[in-house]
Amino acid sequence: VTSASALAFNKLHENADPLLHASAAMAAEPPVNADVKGAYSDRYSHLLSPIRIGNVVLKNRMMQAVSFPRYMMGPETFPSEQVINHYANIAKNGCSICMLMPISSGNRTQSGAGGAPGGMPVLPAGQSGKKIVTEGDHMPVWDAESVTVQHYIAQMTDAIHYYGSLAAIGGQAGGEGGYSISTVALVPSGPMGKEDMGPGKEIPVEMIQKMCEDAAAHAKSVQSLGFDMVHFHMAYQNSILAHSLSPLLNKRTDKYGGSIENRARLTLEVARAIKKACGQDFLVGANISGEENLSGGYTALDAAEFAKIWEGAIDILVIRGKDRNASHPNGYNLKKEDNLTLRYSETIKKGGTKIAIAPNGGFQGLDKNEEYIATGKADMISMARAWIADPEYGKKAYEGRGEDVAPCVMCGECHGANEGPWLSYCSVNPRFGISHKLDRMIDAPVVSRKVAVIGGGPAGMKAAVTAAERGHKVTLYEKNDFLGGQLKFTDYVSFKWPYRDYKDYLIRQLHKTGVEVHLSTKVTPEMIKSKRYDAVLVALGAESIIPDIPGAKGGNVRAAIFVYGNENALGKNVVVIGGDLIGAETGMHLAEKGHRVTVLARDKSLAPDVSQYVSWDFIRAYEALEAQGNFSYVTEAQATGISDGKVTYRDAKDAEKTIQADSVVIYAGRRPRMEEAMKFSGSARRFFIIGDCSAHGDVRTYFEANLYTSVRSGFAAASEI
């Protein structure tokens, strides 16, 4: 993820000059050699080949999954500059279909609520110009009754079209007055995907006809604003269309229930109504679970039959997991390069459907995506976070640089949280959310400077890479014999592989950008000053805090960071003091390694700082270890003493308890090495403190010092040089 203001002219001159001279001398020469930086490549020729759907040609096989980062907008009733920029950049980045998420929240009349066909983020009828605020709102509502707002929406779709991409919007078909598709309905109102079964009134046939008419009217209205496609959400049993597919939920005895053909009928009629209203070249897409997440539900083979029935009405079928967890993959629920929906995609493709099939969920690796298209396992690839983690994803695809794609760590923070901080951010893309401002904020350097970076953690590596990309001569010093800083622990932990991939990516970029790296080198201010650097960026990180607990400095006690790689040195029974995410994950890792672990958490829950959108998989992961008998935890526990063979603590009722402990691991936060970093002030003409050592006070919370803050601080400081 490069600075917007690199030494553009100088670099362009260096790269283009030989090409221009060669072009003048040999006009008939073949295309630019693939060894030349920026040259196009055929490495991903299948993934990047166009696909024709009827009379519509998509520029490649990469599409955006339905998504809208939660806090991208404020209270505006129109698409803000940030939103327009977000989708325009995705189109520019190579995405063939840019897809806006259907907006639904609280008492708003959208996405199937109150009979509206849903999908278009609009204010309820008769509420033009009024602001509606509902508890927990995190999505925008656009006043599409206003002609001026329509103008902004059209600007957004026009920006997408500028780059040869299609503009799509999500939608759902719904019923009125508590009706459901059957006498048994699933009410998707439970927490974290735990839906409740509840009664519902069967939708009369005349109301089904009204649903089709409403869906067609909605599609016609968004078509007038420049959208080329509507996309229905039929996954996880959380819509009436999804209910209709289920042999368990759909209990109708008429033509809309029973056989596979009948259960596919409602979706077919909705899609046909849209095609009739908008024309055959207006695309209709849908998400579908590869199989139903209920015992006795429809199977992947049934999904293949649905697809054949929908031919000519649905154009693209996005295959999601059988529950929302599988479609929001992370290190807890996904093994590397084992995409959970690919097997469904392959099964549906083998069924012989002519609908374009696009698996979704964790598909970022360009080499694997190329393989999936080339081997016929998929027609397209649906991605959301890939376009966020690396804003040059498509550019790198066309240039054949898959190894240069910034890996998504699958943290879920771009999705946003229900509690503050009130923003969506990307842990690995420091430009995300503010890119429309950074182009004005970052100045281009006018000379190449000599830069020193002290510390080879994520902040230091990101700073060094960014400075080198801006044309500076950069030297990085690291006191250890390895790079990665505290991300080194990811080499040992099974479920932290996405973070390990990112660490390894940064190390590759250091070498590819020509950064001079010195390992096992402890530098001093005098050394830096003697080398006459123009700027020094200090990224010394933070040190573990050892709390004032009797026995905390005993021989059987280790800080969490020193456990990794030394697991065999610990005894069988391990007590981890500290139930924040780092402490909890350390305990889970040790349990996987065969230790019997108890975590003492001071809060009312384990790891309250875990990201909301991975929390349910985190819970599943530690519950699986609990079931094996290797992992347990105590909440609202305050450790009071450590001795050989035991730990004492006070529980939620202030009763003193003891627990057997051959070894003790402590995570009580980290203290920034700010005082040590400050010693380098004056050792160069410009001085920056970045990463964990720039944090204020003790680093304890997830947001105060995480990968995001480290990467952004390194990028921001280097962008000033």
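The values are calculated or read from the model by the stated rules, or taken from the named source; none is laboratory data. Just so you know, these numbers come straight off a predicted model, no measurement behind them. Backbone-built Cβ (ideal geometry, glycine too); neighbour counts: all protein chains shown. We work out accessible area using only protein heavy atoms, side chains counted, and drop any ligands, DNA or RNA first. Shrake-Rupley method; radii C 1.70, N 1.55, O 1.52, S 1.80 Å.
Here LYS349, LYS322, LYS354 are screened, and the one residue that is charged (D, E, K, R), surrounded by fewer than 19 Cβ atoms within 10 Å (Cβ to Cβ) and under 25 Å from GLU261 (Cα atoms) is LYS354. Of all residues in the range 281-297, those satisfying the criterion of being part of a loop (DSSP other than H, G, I, E, B), in contact (Cβ under 8 Å) with a residue 24 or more places away in the chain and over 15 Å from ALA217 (Cα atoms) are ASP281, GLY290, GLU291, GLU292, ASN293, LEU294, GLY296, GLY297. Being open to solvent by 50 Å² or more (accessible area, probe 1.4 Å) and either hydroxyl-bearing (Ser, Thr, Tyr) or at pLDDT 95 or above (or both) is a description that applies to LYS308.
Have a look at LYS396, LYS368 and point out the one that is open to solvent by less than 30 Å² (accessible area, probe 1.4 Å) and at pLDDT 95 or above. Within the list LYS396, LYS368, the selection yields LYS396. Figure legend. Inter-residue proximity from the range 553-579: first residues in contact (Cβ under 8 Å) with a residue 24 or more places away in the chain and assigned to a strand (DSSP E or B), second residues open to solvent by 30 Å² or more (accessible area, probe 1.4 Å) and charged (D, E, K, R), beta-carbon distance below 8 Å, spacing 6+ or different chains. Indicated pairs: ASN573/ARG596; ASN573/ASP662; VAL574/ARG596; VAL574/ASP662.
Of all residues in the range 26-66, those that are small (Gly, Ala, Ser), out of contact with any Ser or Thr (no Cβ under 6 Å at 6 or more places or on another chain) and at pLDDT 85 or above total 5. Among the residues of the range 679-704, the ones that are assigned to a strand (DSSP E or B) and modelled with pLDDT of 85 or more come to 4 in all. Of all residues in the range 419-463, those that are over 13 Å from VAL474 (Cβ atoms), more than 16 Å from the chain's Cα centre (by Cα) and at pLDDT below 95 total 16. Set side by side, the residues TYR622, TYR613 differ, and just one is modelled with pLDDT of 95 or more and of a type in the set (Ser, Thr, Tyr), which is TYR622. In a residue-by-residue description of the range 325-346, the property of being of a type in the set (Val, Ile, Thr), at negative phi and modelled with pLDDT of 95 or more applies to no position. Among the residues of the range 73-95, those identified as of a type in the set (A, V, I, L, M, F, W, C) and in contact with a Pro (Cβ under 9 Å, 6 or more places away or on another chain) are MET73, PHE78, VAL83, ILE90.
ALA444 meets the stated requirement of being in contact (Cβ under 8 Å) with a residue 12 or more places away in the chain and within 26 Å of LYS37 (Cβ to Cβ).
For the range 555-596, give me each residue that is of a type in the set (Gly, Ala, Ser) and either within 16 Å of TYR622 (Cα to Cα) or within 32 Å of the chain's Cα centre (by Cα) (or both). Scanning the range 555-596 gives ALA559, ALA560, GLY565, GLY578, GLY579, GLY583, ALA584, GLY587, ALA591, GLY594.
When we screen VAL599, VAL647 for residues that are more than 15 Å from ILE549 (Cβ to Cβ), outside any helix (DSSP H, G or I) and among the hydrophobic types (A, V, I, L, M, F, W, C), the only hit is VAL599. Entry remark, the range 198-226: residues being farther than 16 Å from THR267 by Cα and in contact with a helix residue (DSSP H, G or I) (Cβ under 6 Å, 6 or more places away or on another chain) number 4 in total. Candidates SER643, SER663, SER681, SER694: the one that is under 33 Å from the mean Cα position of the chain (by Cα) and hydroxyl-bearing (Ser, Thr, Tyr) is SER694.
In the range 477-491, the residues that are open to solvent by 60 Å² or more (accessible area, probe 1.4 Å) reach residues that are part of a loop (DSSP other than H, G, I, E, B) and of a type in the set (D, E, K, R) with C-beta atoms within less than 8 angstrom, at least six apart or across chains, in these pairs: LYS479/LYS522. Against the test of being within 23 Å of LYS496 (Cα to Cα) and touching a His at 6+ places or on another chain (Cβ under 6 Å), the options TYR613, TYR622 yield a single qualifying residue, TYR613.
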